[in-house]
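The values are calculated or read from the model by the stated rules, or taken from the named source; none is laboratory data. Keep in mind that this is a model prediction, so the values were computed, not measured. Please note: Cβ atoms are built from the backbone with ideal geometry, for glycine as well, and neighbour counts cover all protein chains shown.
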Amino acid sequence: MEKIIDENKQGESLVIENKENNTKQLYIESYGCAMNFSDSEIVASILSDQGYNTTQSLEDADLVLVNTCSIRDKAEQTVRKRLEKYNAVKRTNPKMKVGVLGCMAERLKSKFLEEEKIVDLVVGPDAYKDLPNLLAEVEDGRDAINVILSKEETYGDVSPVRLNTNGVSAFVSITRGCDNMCTFCVVPFTRGRERSRDPQSILEEVNDLWSKGYKEITLLGQNVDSYLWYGGGLKKDFVNASEIQKATAVNFSNLLELCAKAQPKMRIRFSTSNPQDLTLDVIETMAKFPNICKHIHLPVQSGSNRILKEMNRLHTREEYFQLIDNIKRILPSCSISQDLIAGFPTETEQDHQDTLSLMDYVKYNFGYMFTYSERPGTLAERKLEDDVPEETKKRRLAEIVQRQREHSEIKTKEYLNTTVEVLIERESKKSDSEWSGRTSQNIVAVFPKANYKIGDLVNVKVTHCTSATLIGEALELSNNN
Ligand code: SAH
Ligand code: F3S
């Protein structure tokens, strides 16, 4: 399971509105997290000014770009398979150029050009503005690479084109990089140090999206609660900021409030929260503004204090419970979701039981669960032996998934016979006579189309449900349209 981005969107080629005078064809595929999909929109925007339109046919492409993910070994293997496929196409169209973007580009750097002979271009997540220069190099017959990580780059000044959009919901990135150094995680190495984007440019993007008819945005970052704008620069350098910079700094709850007030009818989501950085003022701001969706994605990774410490997650199980209690007290209607890892090095049966009992306490609405995958260069890889046997990891994961299924069912059933507000996003996958959308709590709901249309906020009476989906009937348009 991949988070936020639907499994069936992984690897989908992305298309944008074509410009009439553009003559070259770009085929761009994305894997991994929402941030990668958002980055691909920035890339397509930069290349659209360089004469490229998008195509969904690999065979027609002058340039093939793949935006890659390194989070687990399996993600990298998927990309390697795609490179083989491009290679086959390249044999019939030798003029086609292939570029690797994103986290794998950053992790493997020039190794990519040496190992994967078909790759012409390697571009890390902070170097997309250099694409025009790099492409010129490639056109001159040279390999091109830029994997420099930046202290400042937030792409705040690139207005992203929207790829494969439903015209209703969009991602807005607010921070890049991560300073947390969880010992299992490759992101701090592939995406660099944490920096925040100018709130003014975020608000401009939000306002622009509203004027184009969008009804929901998701503020994106590896760790959104850590957002801090003090005029630019790395989060870690905030301590050296001037008094005036400190006094006028904008933190995440300030940013949420700015967005909620700028467009009071726009639904606002955010992802991902980190327990050690999610402060009470964020929860209180969520309570104050009805347009901020009542859902918190709050990865915990493990329920064992010993494992949390080994993972360098800077909170205990007890502190996490306190946070959960605060969320439930201040935001009783809020849904909570998790990420969990089974089989981190040294994890015992007791540690695993602690994870299951933590799940019992919280009763998450849904979650994304993984077996531990050792990543080269991370602290865990350097310091700890990957000593939990694969079959034990798999068995523990299956138990975690089963427990989550039980909880999802309980939580979803709580909505039976209630009325929920649903933003219509698309036709249901199962029936062309039904709409599909999400509630404020990020629960999918389907119902007969009647006279409603995509982008409408509709009050829906829930009559049935599966463990993850609400099924109901639309009563009327909500007052929030
Ligand atoms: N803060 C980020 C986390 C990115 S990684 C965010 O925006 O969501 C997403 C999830 O992948 C993590 O929460 C973790 O549960 C999982 N993950 C990360 N590294 C992993 C590894 N080495 N093995 C297995 N799962 C991992
Ligand atoms: Fe990774 Fe931990 Fe950051 S999971 S992205 S290092 S919060």
Check on Pro188, at negative phi, away from ligand 2 (no atom under 16 Å from the Cβ) and modelled with pLDDT of 95 or more: no
Some residue of the range 431-441 being within 21 Å of Pro332 (Cβ to Cβ), under 21 Å from the mean Cα position of the chain (by Cα) and not in a loop (DSSP other than H, G, I, E, B): yes
Any hit, the range 422-440, residues being at pLDDT 95 or above, among the aliphatic types (A, V, I, L, M) and surrounded by fewer than 20 Cβ atoms within 10 Å (Cβ to Cβ): no
Wholly enclosed helices (runs of 4 or more DSSP H) of the range 280-340 bearing at least 2 residues within 13 Å of ligand 1 (Cβ to nearest atom): 305-310
Flag for Ile341 being more than 16 Å from ligand 2 (Cβ to nearest atom) and among the aliphatic types (A, V, I, L, M): no
Unmet requirement for Pro188, which otherwise passes all of (1) outside the structural domain of Gln25 (by TED's automatic domain parsing); (2) out of contact with any helix residue (DSSP H, G or I) (no Cβ under 9 Å at 6 or more places or on another chain); (3) more than 16 Å from ligand 1 (Cβ to nearest atom): (3)
Close pairs from the range 172-184: first within 19 Å of Gly233 (Cβ to Cβ), partner more than 10 Å from ligand 1 (Cβ to nearest atom) and of a type in the set (Ser, Thr, Tyr), Cβ under 6 Å, at least 6 apart: Ser173/Ser38; Ile174/Tyr227; Thr175/Ser196; Thr175/Tyr227; Arg176/Thr154
Of residues in the range 191-206 being more than 9 Å from ligand 2 (Cβ to nearest atom) and under 16 Å from Phe238 (Cβ atoms), the one surrounded by the most Cβ atoms within 10 Å (Cβ to Cβ): Ser196
Out of Asp157, Asp179, sole residue that is part of a loop (DSSP other than H, G, I, E, B), over 20 Å from Ile28 (Cβ atoms) and away from ligand 2 (no atom under 16 Å from the Cβ): Asp157
